[in-house]
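What follows draws every value from the coordinates through simple rules; no lab data is involved. No experiment lies behind these values; they were computed from the predicted model shown. Heads up, the Cβs are rebuilt from the backbone with ideal geometry, glycines too, and the neighbour counts pull from every protein chain shown.
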Amino acid sequence: MTARLLDGKAIAQSVRDNVGRQVAALKAAGKRVPGLAVVIVGQDPASQIYVRNKHLACEAAGMHSPVILMPDTTTQQEVIDVVRKLNADPAIDGILVQLPVPKHIDSKAVIDAIAVEKDVDGFSPENLGLLAQRTPRLRPCTPYGCMKMLEHAGIDPKGMDAVVIGQSNIVGRPAALELLMRGATITVCHSQTKDLIGHVRRADIVVAGIGKPEFVKGDWIKPGAVVLDVGINRLPSGKVVGDVEFAAAAERASWITPVPGGVGPMTIAMLIQNTLEAYQFREGILANTDRTVEQPLTPPPR
Ligand code: GUN
């Protein structure tokens, strides 16, 4: 292997420690601590584990962190009523409804009920729109985590050709907007893309968020490219792999995220970070104008 590892576990821990220190300082100053409410509807075992991990991360950072467990039989209106109560609760800065919700509930209706200033997933049209306008407020956690990893490794996407594989609202689209905001040139590939391999072969940065085990082959990776693998796929053997053929890609890449231990831990870390930021916005400590990122096009040299 020639690539260096983008160690998500270590970077996530440093983000979480940093948030923990800021929460401790608020506590020491006699101030209210940030609060994240996590709502889970039904018994999906994977969701139960995710929610537990989110709750534990909040507790470790010293935050207030109620978990609201609702049975499978809960109606959409009952979930929306809980969300509205949390919207009005001054001790709560962030609200997360764990997805998927049971089939009889429209997830968009539930997410749309979350007050935008408490949308710590960054899923709302307003938060996604603000990112598109280069004035992000609450940013989708996984792409935000990808950018944090690049920052930690000292990788500046400015001027790079980035290929994002997958166009989901949660990963692909916001990842493309994040990279564009930092001055990369973006290609978003999806199921209708004619020459996926050709696009990947030209990419300086590859973000893979498709949800198909080892779909991206190692020999597609341009020598020296940076590979961010968002996939978490469990094989029938029980082994967890990403969307990229790790060992072969690591022979060509300059930097690569492992799976597990890469982008995954960053998603929870950025949720904790977003909860702190939501608190800071609500308390008037932070304004999103502070974070305007201008990326004017530099004319090519003559
Ligand atoms: N289910 C799986 N990942 C996520 C996430 O990031 N946010 C929410 N709300 N649900 C999820």
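What does the convex hull of the Cα atoms come to per residue for the chain, in Å³?
142
So for the chain, taking the charge dipole from beta-carbon charges (+1 Lys/Arg, -1 Asp/Glu), which of Q76, A3, P90 sits furthest toward the positive end?
A3
Taking the Cα centre of the chain as origin, work out the dipole magnitude from +1 charges on Lys and Arg Cβ and -1 charges on Asp and Glu Cβ, in debye rounded to 20.
It works out to roughly 420 debye.
Report the gain in length on full extension from N288 to D195: 0.36 nm times residue separation, minus Cα-Cα distance, nm rounded to one decimal.
29.7 nm
Binned at 10 Å from 0, what are the whole-percent values of the Cα-Cα distance distribution for the stretch 104-259, short to long?
11, 39, 33, 15, 2
Mind checking the log10 I(q)/I(0) for the stretch 170-230 at q = 0.14, 0.27 Å⁻¹? Debye, one equal scatterer per Cα, no solvent, two decimals.
Each listed q maps to, in turn, -0.37, -1.46.
Measure nothing fancy, just the Cα-based angle from helix 172-181's long axis to the longest principal axis of the chain, in degrees from 0 to 90, nearest 10.
70
Angle, helix 263-282 long axis vs. longest principal axis of the chain, Cα atoms, 0 to 90°, nearest 10?
Between the helix axis and the principal axis of the chain, the angle is about 50 degrees.
Using the Cα centre as the reference, give the magnitude of the dipole from point charges on the C-beta atoms of the stretch 61-153 (Lys, Arg: +1; Asp, Glu: -1; all else neutral), rounded to the nearest 20 debye.
260
When the expected Rg is taken as 2.2 N^0.38 Å, what fraction or multiple of it is the alpha-carbon Rg of the stretch 208-283?
1.34
Could you list the trypsin sites (Lys or Arg not before Pro) in the stretch 23-100 that lie in coil according to DSSP, counting only those with at most 14 other Cβ atoms within 10 Å of their Cβ?
Within the stretch 23-100, the qualifying trypsin sites (Lys or Arg not before Pro) (loop, at most 14 other Cβ atoms within 10 Å) are K31, R32.
Taking Rh as the Kirkwood radius, which is the inverse of the mean 1/r over Cα pairs, what is the Rg/Rh value for the stretch 1-143?
Rg divided by Rh gives 1.00.
Among P236, P125, P140, determine the one that fluctuates most according to a GNM of the chain built with springs between C-alpha atoms less than 10 Å apart.
In the Gaussian network model the winner is P236.
Given G129, P100, M149, which one lies farthest toward the positive end of the charge dipole of the stretch 48-152, if we put +1 on the Cβ of every Lys and Arg and -1 on the Cβ of every Asp and Glu?
M149
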